[in-house]
Amino acid sequence: MLANPRDIQVLSQLAQIHDREGREDLARPLYESILKLEPANPTACTNLAVILVKAGSSNEAILLWRQALKANPAQTGVRMNLAQALFRQGNRAAAAAEVEQALKYDPDQPAARRMLKQIRP
């Protein structure tokens, strides 16, 4: 399905406004609409994943964060969110791998170093 890029831009801006205002109930369907129009949209993937994790849908969030990383592997914040979700699921090896990748892109990231110590005591 081809969409007008302006439609996606408007939906994204509106979703982000709702998100910033704490109205995840309004932001979520907008992000979902964006992903129907553009399944690899990294902003929608990332922001919807955060909402899903808060709602207890970690598996869906993990898939979306991985999709966002396909578009831009250097997103260290996305990698850290993914690592945290994997760690909470008990998948220490995968979490550590994501943190290590984040450190390759940004070696001066203290949060990543702390998380790696937590994952590998």
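What follows is calculated from the coordinates using simple rules that are stated; it is not laboratory data. The structure presented is a predicted model; accordingly, all values stated were derived computationally and were not measured. Counting neighbours? That spans all protein chains shown, and the Cβs are built from the backbone with ideal geometry, glycine included.
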Using θ = phi - 60° and the Karplus relation 6.51 cos²θ - 1.76 cosθ + 1.60, list the HN-Hα couplings for segment 85-91 in order, rounded to whole Hz, with x at every Gly or Pro. 5, 5, 4, 5, 7, x, 8
List, in order, the whole-Hz ³J(HN,Hα) value for each residue of segment 38-53 obtained from phi through the Karplus relation with A = 6.51, B = -1.76, C = 1.60 and θ = phi - 60°; use x for Gly and Pro. 9, x, 9, 4, x, 5, 5, 4, 5, 6, 5, 4, 4, 4, 5, 5
Skipping prolines and chain starts, which residues have an amide H placed within reach, meaning under 5 Å, of the one on GLN109, given they are 5 or more residues away or on another chain? none
Residues with beta-carbon under 12 Å from that of VAL99, excluding VAL99: net charge, scoring Lys, Arg +1 and Asp, Glu -1? +4
Straight-line reach from LYS70: which lysines have a Cα under 20 Å away, not including same-chain ones fewer than 8 places off? LYS36, LYS104
Using θ = phi - 60° and Karplus 6.51 cos²θ - 1.76 cosθ + 1.60, couplings along segment 56-72 (whole Hz; Gly, Pro as x): x, 9, 4, 4, 5, 4, 4, 4, 5, 5, 5, 4, 4, 5, 5, 6, 8
I need the calculated FRET efficiency for the pair ASN91 and ASP7, taking r as the beta carbon distance and R₀ as 41 Å, to the nearest 0.05. 0.65
Mind computing the radius of gyration and Dmax over the alpha-carbon atoms of the chain? Å is fine for both. 15.1, 49
